Amino acid sequence: MSWVTRLFLRRQMNADLSDEIRAHIEEKVEELVASGMSRKEAAAVARRQFGNVTLVEEDGRDVWRWRVVEQFFRDVQFGFRILRKNPGFAAVAILTLALGIGANTAIFSVVYGALLAPLPMPHPEQLVMVWSKVDSRNVVSPGDFLDWKQQNSVFQNLVGWDEYTFSLAVDGRPEAMQTRIMTPGFFSMQGIPMALGRDFVAEEGQPGNEHVVILTNRLWRERFGSDPQILGKQVRLNAEQYTVVGVLAAGMPDRYESQIFVPMALRPDQITHDRHWMVVMGRMKPGVTLQQANADMDGVARRIAETYPKSNKGWGVSVEPLKNNFTSRDTVKDLWLLMGAVGFVLLIACVNVANLLLARGTVRKKEAALRVSLGATRRQLFSQFLTEGLALAWIGGALGIGLAAMLLKVIVVLLPQFSIPTESDIRLNVPVLLFSLAATMLAGILCGCAPAWQTSQWNLNDTLKEGGRSIGIGRKGLRSGLVVAEFALALTLLAGAGLVIHSFWKLTRVDLGFRQDHVLTFALPIGFDRFPQPDQITTFDRSLLERISALPGIESATVSSGTPILWSGYGMDFHIAGQPVPDPSALPSAGFTMVTPDYFRTFGIQITQGRGFTEQDVAVSLPVAMVNETFVKRYLSNVDPLRQRVVVRQIGQATLGPPIEWNIVGVFRDVHNRSVRSASSAEITVPFWQSPLPWVQISVRTAGDPASMSSSVAVAVRSVDPDLALDQVRTMDQLVDESLAGDRFVTWLFAGFAGVALVLAAIGIYGVMSFAVAQRTHEIGLRMALGAGSREVLAMVLREGMLLAAAGLVLGLGGTYFVGRTMKSILYGVSAVDPLAIGTVATVLLLAAALACYLPARRATRVDAMVALRYE
């Protein structure tokens, strides 16, 4: 018989046993009556021979009784009855636990979805990223990619891609769309299903056959009205016609940044080994390990380096798991730090509730003594108090899951776009709910153990003889210890929040090296095939600048390959002309940007030496360049930079040209090109007219609000080319704000959880002090009857509470040191032990404690001495 049957069919089984006993006795009676006895005498003899019916029934029931489970359910029922009798206490305790459990569940949902959940693809362990490696991982050259495919023995398939912005025209309206250009077989290799059509086939990866397109399900619904006949239709991309061959199934691809996919058809002039721009993914063969894949690809890399020593000497290969490969280390650390922060919140909540249960348990001391006198064991008392803590946690956990669902919506809104993998599905799912269940059980045990342990220390015989007075808080070591622990935990968490807030404050005041006000930037999705000759690019861009500059409210306009903060330039190897040329694998690298003459004026970048570019710096004139101050400090510190030449290969049409000696004519101030956090790096800037590229950023300085100029600028651009759409239209203020989005996200959450910890700590000491005042009414009345004034009573209560808070702060200082060391890598301009941040949060915590202690202390001063002396 199963334990479930025994547990839930108890009454039926007991009734069946009684019926069976009666039938047995009746059968014996009939047998005795048949032998000649009277029925009355036969009944007496049958019962006497059978024995005590009650004892037999009890013995029979013991066979299927599960005593531990029965006792547990009785304890649960009793615990819920106790909670119903104290709704105020129950509400505070449940809400406290709900905050802790809800915060943990919400953050774990993000951590699990972003870092722990398996990839939603068949055999995800086989999917890997394959990077070129020189010092650190790098993107891949087309020549290396094709050689890898031919020479490896560990992959089922390798695919490569790059991302650009295409102009999609629907109903005649051009719209900039992020587009992934990829080699055929990408979706088939990943196992991503199609709603309509098919993946790209090998023939479509050949020049001339690449004008086909696959759409995401979201784009198909939003721009094409879920047209079921979309396959075979033409769509206009970059002013050219593409045929739709597939629509992806709804789901993960809808979260991709790219919503359009076209095949990559490499031309012969693009298949080089020295221009790295492709991202490569592979699926390993069954049974192949990462170690085997890396060993095989190392051999391939060595063979390629022997064949192409000029471009590939010193280059290796790194095979890495796809999972979390694009998640930055900062994001991973931020998420785990937030997980730690909410863990502190849960610990503080548990300590708080444990303290409330301790105080309430003291009131129930006589109840416990009475139960022992009636036969209850100390083990049963321990079990009862522990079960009450679990009951509170279960209700708090259920409420916490609801709170987590709401908090998760807020977190998803605050989460910086594309900061976590696109395959991440952030929601409450089974693993998250199992975590929530585990957190609930842990909280219940932590909350229930303190009062349960307290009961085991009571002298319950003496309790029955007590007159009812309770000793002061100073003698309540366990409750005092919990308050101290609560404040230590709170200070640790608040110190972490203080460090993050101070770090963010410093980030918002970084000197970026340029003026971000009144600047509008945007990109133009122009394909590299659009203009075969450099002079066509310059003619087109000059025309654009002329139209835009003529608009009212435009003070200056510039074309560049990148802008501050949103840098999209190139990392280029170089050497100084006239100096010994180092080994090609040891050449230094610097950022390489092409700009038109008004670039420095538009961004307000200061030129510290020499001159800027002019309209005379064109293709047929002397090649000139400007470098930043960091470049001068690193490479030209002992010479006049304006007399030097830097040798860098020219970039054009997505290929590298021959090395050119660029004469340095100016030095400009360091600019934060990659992000607000980025340290200054060496930068080389050359005239756009001497090294033009089709894909560009355009920036304009306006007299008024730059955002209001976007529509008129778009009209000016379409007057030059009606198929062009403006992409990434943002003001520089918005770009700087977006650069700080990750830090802002962490700061908001840390500050929010620290605020919860502050409130919980204040509630904790308030509850303890309130209980102490209530328990010491007789003592306070006696003091006042003997002449103590209100100030003395107020000071006495405040002193006791503040001593506990101060002890907690002292204990928490050690925690602040370890938290600071752990968080050091995500801080900016703030030391691990920052006196300002730690001093501020400690002061705030002490003020909160003082306020929490003042309220019950104030109540103590209003005790009527005569009433208190009669109080028991």
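Within the stretch 669-691, does at least one residue satisfy the condition of being without any contact (Cβ under 8 Å) to a residue 40 or more places away in the chain and in contact with a His (Cβ under 8 Å, 6 or more places away or on another chain)? Yes, the conditions are met somewhere in the stretch 669-691. For the stretch 425-454, residues that are part of a helix (DSSP H, G or I) and either at pLDDT 80 or above or surrounded by fewer than 20 Cβ atoms within 10 Å (Cβ to Cβ) (or both) total 19. Of the residues that make up the stretch 248-263, is at least one farther than 21 Å from Phe224 by Cα and surrounded by fewer than 19 Cβ atoms within 10 Å (Cβ to Cβ)? No, the conditions are met nowhere in the stretch 248-263.
Answer yes if at least one residue in the stretch 720-729 is assigned to a helix (DSSP H, G or I) and surrounded by fewer than 22 Cβ atoms within 10 Å (Cβ to Cβ), and no otherwise. Yes, the stretch 720-729 has at least one match.
Hey, can you tell me all the residues within the stretch 759-793 that are in contact with a helix residue (DSSP H, G or I) (Cβ under 9 Å, 6 or more places away or on another chain), at pLDDT 70 or above and either among the basic types (Lys, Arg) or open to solvent by 40 Å² or more (accessible area, probe 1.4 Å) (or both)? Across the stretch 759-793, the qualifying residues are Val759, Ile763, Tyr766, Ser790, Glu792.
Okay, residues lined up against (1) open to solvent by 60 Å² or more (accessible area, probe 1.4 Å); (2) out of contact with any strand residue (DSSP E or B) (no Cβ under 9 Å at 6 or more places or on another chain); (3) closer than 29 Å to Leu545 by Cβ:
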residue: Phe574; (1), (2), (3): no, no, yes
residue: Ala577; (1), (2), (3): no, no, no
residue: Pro580; (1), (2), (3): yes, yes, no
residue: Leu587; (1), (2), (3): no, no, no
residue: Tyr599; (1), (2), (3): no, no, yes
residue: Phe603; (1), (2), (3): no, no, yes
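Residues that are surrounded by fewer than 22 Cβ atoms within 10 Å (Cβ to Cβ), among the polar types (S, T, N, Q) and within 32 Å of the chain's Cα centre (by Cα) within the stretch 662-684 comprise Ser675, Ser678, Ser680, Ser681, listed in sequence order. If the Cβ limit is 7 Å and pairs must be 6+ apart or interchain, which residue in the stretch 143-160 that is more than 12 Å from Val128 (Cβ to Cβ) pairs with which residue that is open to solvent by 30 Å² or more (accessible area, probe 1.4 Å) and assigned to a helix (DSSP H, G or I)? Cβ pairs passing all conditions: Gln151/Arg303; Ser153/Asp296. Considering only residues in the stretch 170-194 that are of a type in the set (Gly, Ala, Ser) and under 31 Å from the mean Cα position of the chain (by Cα), the one that is most open to solvent (accessible area, probe 1.4 Å) turns out to be Ser188.
Residue-wise test of (1) under 16 Å from Gly764 (Cβ atoms); (2) at pLDDT 80 or above; (3) open to solvent by less than 70 Å² (accessible area, probe 1.4 Å); (4) touching a strand residue (DSSP E or B) at 6+ places or on another chain (Cβ under 6 Å).
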position: Leu804; (1), (2), (3), (4): yes, yes, yes, no
position: Gly814; (1), (2), (3), (4): no, yes, yes, no
position: Leu827; (1), (2), (3), (4): no, yes, yes, no
position: Leu846; (1), (2), (3), (4): yes, yes, yes, no
position: Arg858; (1), (2), (3), (4): no, no, no, no
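Residues that are buried (at least 18 other Cβ atoms within 10 Å of the Cβ) and part of a helix (DSSP H, G or I) within the stretch 548-572 comprise just one, Ile548.
Of the residues making up the stretch 140-165, those that are open to solvent by 20 Å² or more (accessible area, probe 1.4 Å), in contact with a strand residue (DSSP E or B) (Cβ under 6 Å, 6 or more places away or on another chain) and not basic (Lys, Arg) are Gln156, Asn157, Asp162, Glu163, Tyr164. Residues of the stretch 482-541 that are in contact with a Pro (Cβ under 8 Å, 6 or more places away or on another chain), assigned to a helix (DSSP H, G or I) and open to solvent by 30 Å² or more (accessible area, probe 1.4 Å): Pro534 alone.
If you go through the stretch 740-758 and keep only what is crowded, with 20+ Cβ neighbours inside 10 Å and either out of contact with any Ser or Thr (no Cβ under 8 Å at 6 or more places or on another chain) or of a type in the set (Val, Ile, Thr) (or both), you end up with Val746, Leu749, Phe750, Phe753, Ala754, Val756, Ala757, Leu758.
The set of residues from the stretch 117-139 being farther than 19 Å from Met189 by Cα and out of contact with any Pro (no Cβ under 8 Å at 6 or more places or on another chain) comprises Ser132, Lys133, Val134, Asp135, Ser136, Arg137, Asn138, Val139. Selection of the stretch 267-289 for residues being open to solvent by 50 Å² or more (accessible area, probe 1.4 Å) and touching a Pro at 6+ places or on another chain (Cβ under 8 Å) yields Arg267, Ile271. Scoring Val410 on the criteria (1) in a helix (DSSP H, G or I); (2) at pLDDT below 80 leaves a single failure, condition (2).
Taken over the stretch 730-739, the criterion of being buried (at least 19 other Cβ atoms within 10 Å of the Cβ) and either within 19 Å of the chain's Cα centre (by Cα) or part of a strand (DSSP E or B) (or both) is satisfied by Arg730, Thr731, Ser739.
Restricting Glu203, Glu257, Glu210 to those that are in contact with a helix residue (DSSP H, G or I) (Cβ under 8 Å, 6 or more places away or on another chain) and closer than 30 Å to Val154 by Cβ reduces the list to Glu210.
The values are calculated or read from the model by the stated rules, or taken from the named source; none is laboratory data. Predicted model, so just to flag it, every value in this text is computed and none were measured. Note that we place each Cβ from the backbone using ideal geometry, even for glycine, and neighbour counts take in every protein chain shown. For accessibility, only protein heavy atoms count, side chains too; no ligands or nucleic acids. Shrake-Rupley method; radii C 1.70, N 1.55, O 1.52, S 1.80 Å.
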